[in-house]
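Worksheet: one structure, shown below.
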Amino acid sequence: METGEQDYTTGAGQPLAARMRPLTLDEFAGQEHLLGPGKLLRRLIEGDSISSMIFWGPPGVGKTTLARIIANRTKANFIDFSAVTSGIKEIRQVMMQAEENRTYGMRTILFVDEIHRFNKAQQDAFLPFVEKGSIVLIGATTENPSFEVNSALLSRCKVFVLHALSTDDIIRLLKRALTDERGFGRDHVTISDKALGAIANFCNGDARSALSTLEMVVLNGEVSADGIAVTDETLSQCLSRKSLMYDKDGEEHYNLISALHKSMRNSDPDAAVYWLARMLEGGEDPLYIARRVLRFAAEDVGLADPRAMEVGVAAYQACHFIGVPECNVHLTEAVLYMSLASKSNSAETAYMDARAAVEKEPDAPVPLIIRNAPTGLMQQLDYGKGYQYAHDYAEKITAMQCLPDSLKDRVFYHPTEQGQEIRYKERVEQIRAWKEEQRKKK
């Protein structure tokens, strides 16, 4: 081999994560629910009987690696396709080649990395070829395929969900990288189990991140005649800041706001502040969070503590006025208030019940007695006839019917006894009882 030429048999010159990419299922770490003995995906791969499928999971859990393993085992023509660099023209060229291969009895397996990056037109280009069996499609995505893959294409694919690797899985990968000749097996690296555990915890279940971090600490280790020693100081410098996995446009965005909302609903201030911090430190727009907190004030606190609405509005204004990072404490105060406030969803359920009634009968006529009569014709048609102006009565209330006849006496608001709402419960019960008594007198 000439000087400067890479050794492609061992992967020299490649990043550690690329050199240590598993070549067989036995080397693959994690995903026991799919690849354990007798599990479906393992049987499909070992039997070379792959059908169209989508691998869905977070970064660094083995989606592309599984495709590579399939490529090494299959007798089919395997094509690696990138959604980042390919367009309709490239798709059609590949599809025509696959169609030609089919006429000769050869299967084509098409692997599309980051399939969520394809738009609808690009995904539609695959559909007829998947339907008639010209290609077996394998897609990989970090995004929920329910949102990112066309329903027609998705219905023809089996979705396999890959999970973030456990700390133990990551540690096993790191130890193999230290002993395998594709990794640092020839370098005699000294690193403590505690340090390996710290790297495993740092990487958020991402094998690629873990191996890249290991490579960084080893390359910055202390070199001696005995090998390379990774010190605590080197490790600390390389792990100085943990990168948060947060995509403001992806599923994790919705997962975290859901976690915040449900933690506040469950009156768990500690969890609520944690999820708030996850979002803010990940770069979320504080005004978005403030809007969701304000919605929570009405949906989940409601009349049990009407001041929650004021706190929510004040928090939104504070975020608007001073922005990040200063507004984090204002959001924290609002989140803590919502978490500790008495809870009532009576406003939410009242509206949902009323909406259901509207959907069932969208055109129920407004009672004549509460219609306006700005013209003579309307007066002749009895618009507003018999209207009772509440302020003219000592009780400031009347027994006048305000609902359509088809919904007469229908109850939508069901107050709880939580917090201050117990006062509203007593009041509404008094009003309803008084009106019922007045109607009986007629």
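The values are calculated or read from the model by the stated rules, or taken from the named source; none is laboratory data. Predicted model only: the values in this text are computed from it and were never measured. Counting neighbours? That spans all protein chains shown, and the Cβs are built from the backbone with ideal geometry, glycine included. Surface areas here come from the heavy atoms of the whole protein model, side chains and all, with no ligands, DNA or RNA. Shrake-Rupley method; radii C 1.70, N 1.55, O 1.52, S 1.80 Å.
Brief remarks follow.
- DSSP assigns beta bridges within the stretch 82-228; of those with both partners inside it, close to 20 percent run antiparallel.
- Along the axis of the charge dipole computed for the chain (Cβ charges of +1 for Lys and Arg, -1 for Asp and Glu, origin at the Cα centre), the listed residues 377, 277, 160 are led at the positive end by 377.
- For the pair residue 131 and residue 368, the difference between a 0.36 nm per residue extended length and the Cα-Cα distance amounts to 79.3 nm.
- Straight Cα distances below 12 angstrom link residue 343 to the aspartates and glutamates 299, 300, 305, 417, 421, with same-chain residues fewer than 8 positions distant left out.
- By accessible area, using a 1.4 Å probe on protein heavy atoms only, the stretch 134-272 has 47% of its surface on carbon and sulfur.
- Stokes-Einstein translational diffusion, the stretch 114-186 - Kirkwood Rh over all Cα pairs, 0.692 mPa s, 37 °C, in µm²/s: 219
- Taking a quarter of the surface of the Cα convex hull of the chain gives a mean projected area of 35.2 nm².
- Distance violations [Cα-Cα > 26 Å] among 63/158; 396/442; 63/262; 396/441: 63/262
- A 1.4 Å probe run over the protein chains yields, for the chain, 57 Å² of accessible area per residue, whole-number rounding.
- Dipole axis of the stretch 249-407 (+1 Lys, Arg; -1 Asp, Glu on Cβ), positive-most option in 397, 345, 329: 397
- Using a cut-off of 32 Å between Cα atoms, the listed pairs 89/132; 360/385; 75/194 include 75/194 as exceeding that distance.
- Formal net charge of residues neighbouring residue 438 (Cβ-Cβ distance under 14 Å; K, R +1; D, E -1): +3
- Placing dummy labels 7 Å off each Cα toward the beta-carbon, the span from residue 390 to residue 194 is 7.0 nm.
- Stretching residue 291 away from residue 414 to a fully extended chain increases their span by 41.7 nm, per 0.36 nm per residue minus the current alpha-carbon distance.
- Extension gain, residue 124 to residue 219: 0.36 nm times the residue separation minus the Cα-Cα distance gives 29.6 nm.
- Inter-label distance for residue 431 and residue 405, nm, one decimal - labels placed 7 Å from Cα along Cα-to-Cβ: 2.5
- Net dipole in debye of the chain [+1 Lys, Arg Cβ; -1 Asp, Glu Cβ; about Cα centre; nearest 20]: 1660
- Secondary structure note: in the chain, about 10% of the DSSP beta bridges are antiparallel.
- Spin-label proximity, residue 93 to the stretch 113-129 - amide N less than 20 Å from point 7 Å beyond Cα toward beta carbon: 113-115, 118-119, 121-127, 129
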